[in-house]
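Student: Would you mind keeping the following structure in view while I ask a few things?
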Amino acid sequence: MSYKKLPMANFQLKRIYEQPAKTDGYRILIDRLWPRGIKKEAAELDEWDKEIAPSTALRKQFDHRPERFDTFSAQYHEELLEKKTELDRLRELAQKKRVTLLYAAKDEHINHAVVLKEVLES
């Protein structure tokens with residue numbers, strides 16, 4: 001019995017405030033709230049996936065404080081375990097084309113998008 005090897009998932013992270021590029025592929029905003037100062041037309045989104053974002057309670061608890069990131073990461077990871085169907089959909093999409101996960105957080109290393117990408121690629 002032979003198994004078909006699936007192509008590697010192709011995710012990248014990008015702040016929504018950066019200019020859209022042709023190399024972005026499929027652009028998904030992964031924040032629950034619409035980013036300040038961005039017009040919907042200018043965002044050039046293919047999708048806004050509010051459901052994959054952290055819960056409102058978790059987002060408020062984290063409050064983008066670096067000292068809370070480890071706890072936030074663990075709790076968000078737990079939330080994502082309940083969203084298997086959505087994670088599978090995104091993985092399948094990324095096997096066909098590049099998927100750019102867009103977020104509004106200022107810190108490029110301490111935010112929910114980093115956690116989501118890690119989960120999607122694991």
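Student: Which shape class applies to the range 26-94: rounded if a/c is under 1.5, otherwise prolate when a/b exceeds b/c and oblate if not, where a ≥ b ≥ c are the square roots of the Cα gyration tensor eigenvalues?
Tutor: Details: a/c = 2.51, a/b = 1.21, b/c = 2.07.
Taking the square roots of the gyration eigenvalues as a ≥ b ≥ c, the range 26-94 is oblate.
Student: Another question, then. Rank Ala104, Ala42, Ala57 by mean-square fluctuation in a GNM of the chain with C-alpha springs under 10 angstrom and give only the top-ranked residue.
Tutor: Among Ala104, Ala42, Ala57, the largest GNM mean-square fluctuation belongs to Ala57.
Student: Hey, in the GNM for the chain with a 10 angstrom Cα cutoff, which one of Lys60, Lys97, Lys14 fluctuates hardest?
Tutor: With Cα springs under 10 Å in the chain, the top fluctuation among Lys60, Lys97, Lys14 is at Lys60.
Student: Label Lys106 and Ile38 with points 7 Å out from Cα along Cα→Cβ: what is the distance between them in nm?
Tutor: According to this spin-label approximation, the distance is 1.7 nm.
Student: Let me ask something additional. Counting only the heavy atoms of the protein chains, how much of Val114 is accessible to a 1.4 Å probe, in Å² to the nearest 10?
Tutor: The value for Val114 is about 40 Å².
Student: Now for a separate question. With every protein chain present, what accessible area does Asp46 have (1.4 Å probe, heavy atoms only), rounded to the nearest 10 Å²?
Tutor: Roughly 90 Å² of Asp46 is accessible to a 1.4 Å probe.
Student: Would you calculate, for the chain, the mean residue ellipticity at 222 nm contributed by helices, counting each DSSP H stretch of 4 or more residues as -39,500 (n - 2.57) and dividing by all residues, to the nearest 500?
Tutor: Mean residue ellipticity, 222 nm, calculated: -11000 deg cm²/dmol.
Student: Can you pick out the pairs among Lys39/Lys83; Lys22/Lys60; Lys60/Lys96 whose Cα atoms lie more than 31 Å from each other? Can you show the working numbers first?
Tutor: Numbers: Lys39/Lys83 29 Å; Lys22/Lys60 34 Å; Lys60/Lys96 34 Å.
Listed pairs above 31 Å: Lys22/Lys60; Lys60/Lys96.
Student: At 1.4 Å probe size, with the rest of the protein present, what percent of the exposed accessible area of the chain is carbon and sulfur atoms?
Tutor: Answer for the chain: carbon and sulfur cover 51 percent of the accessible area.
Student: Please compute the per residue accessible area over the chain with all protein chains in place, 1.4 Å probe, rounded to a whole number of Å².
Tutor: Values: 7960 Å² over 122 residues.
Accessible surface, normalised per residue, equals 65 Å².
Student: Right, here's the next one. Rank Glu51, Glu86, Glu18 by mean-square fluctuation in a GNM of the chain with C-alpha springs under 10 angstrom and give only the top-ranked residue.
Tutor: Glu18
Student: Could you order peptides 33-40, 65-72, 89-96 by the average number of other Cβ atoms within 10 Å of their residues, highest first?
Tutor: Top to bottom by mean Cβ count within 10 Å: 89-96, 65-72, 33-40.
The values are calculated or read from the model by the stated rules, or taken from the named source; none is laboratory data. Source: prediction; values computed, not measured. Positions of Cβ are backbone-derived with ideal geometry, glycine not excepted, and every protein chain shown enters the neighbour counts. Quick note on the areas: whole protein, heavy atoms, side chains included, nothing else; ligands and nucleic acids left out. Shrake-Rupley method; radii C 1.70, N 1.55, O 1.52, S 1.80 Å.
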